[in-house]
Amino acid sequence: MLVGKGRLDPGTDSATFCRLALDARAVAVLPIPPEIARASIEIDLPQGDPADRLIAATANAYGAILVTIDEKLRESAAVATLW
């Protein structure tokens, strides 16, 4: 979005920039299979933001602890959080 709004100029298109940044740090992008998509609508979270729900459901599916400053997510028992 920042590239699209002209606030960030990575010198290439946003998709290439993201790929280069991920590759430089050896970051793996985890898939969102149908099971996680379904879990994201079933998870008991206090907010309805689809992105937050997908992030929380993905953390649960992969047994990860979600690092977040979001108070609503931190107060929820539906996902393990840290911060």
Compute the helix-to-body angle for 50-61: its Cα long axis versus the longest principal axis of the chain, expressed 0 to 90° and rounded to tens. 70
Within the stretch 8-44, find all residues whose amide N lies under 18 Å from a label point positioned 7 Å from the Cα of Ala80 along Cα-to-beta-carbon. 44
With a/c under 1.5 counting as rounded, go ahead and sort the chain into rounded, prolate or oblate using the C-alpha gyration tensor (a ≥ b ≥ c being the square roots of the eigenvalues; past the cut-off, prolate if a/b is larger than b/c, else oblate). prolate
Hey, can you rank 71-81, 38-48 by average C-beta count inside 10 Å, highest first? 71-81, 38-48
Using only Cα atoms, find the angle between the long axis of helix 14-24 and the longest principal axis of the chain, and express it within 0 to 90 degrees, rounded to the nearest 10. 80
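Based on the Cβ-Cβ distance from Asp13 to Ala51, what FRET efficiency comes out when R0 is 35 Å, to the nearest 0.05?
Values: r = 22 Å, r/R0 = 0.63.
Efficiency, rounded to the nearest 0.05: 0.95.
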For the stretch 10-57, the Rg and Dmax computed from alpha carbons only, in angstrom: 14.5, 41
Fully extended, how many nm does the chain gain between Ile41 and Val27 (0.36 nm per residue separation, minus their Cα-Cα distance)? 2.4 nm
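Would you mind classifying the stretch 34-82 by shape? Square roots of the alpha carbon gyration tensor eigenvalues, ordered a ≥ b ≥ c; an a/c under 1.5 is rounded, otherwise it is prolate if a/b is larger than b/c and oblate if not.
Values: a/c = 1.90, a/b = 1.27, b/c = 1.50.
Here the stretch 34-82 falls in the oblate category.
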How many angstrom separate the Cα center of the stretch 23-45 from the Cα center of the stretch 54-81? 11
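We did not get these values from a lab; they are worked out from the coordinates using the rules stated. A quick note: this is a predicted structure, and the numbers were derived from the prediction, not measured. Methodologically, a virtual Cβ is constructed for each residue, glycine included, from the backbone with ideal geometry; neighbour enumeration extends over all protein chains shown.
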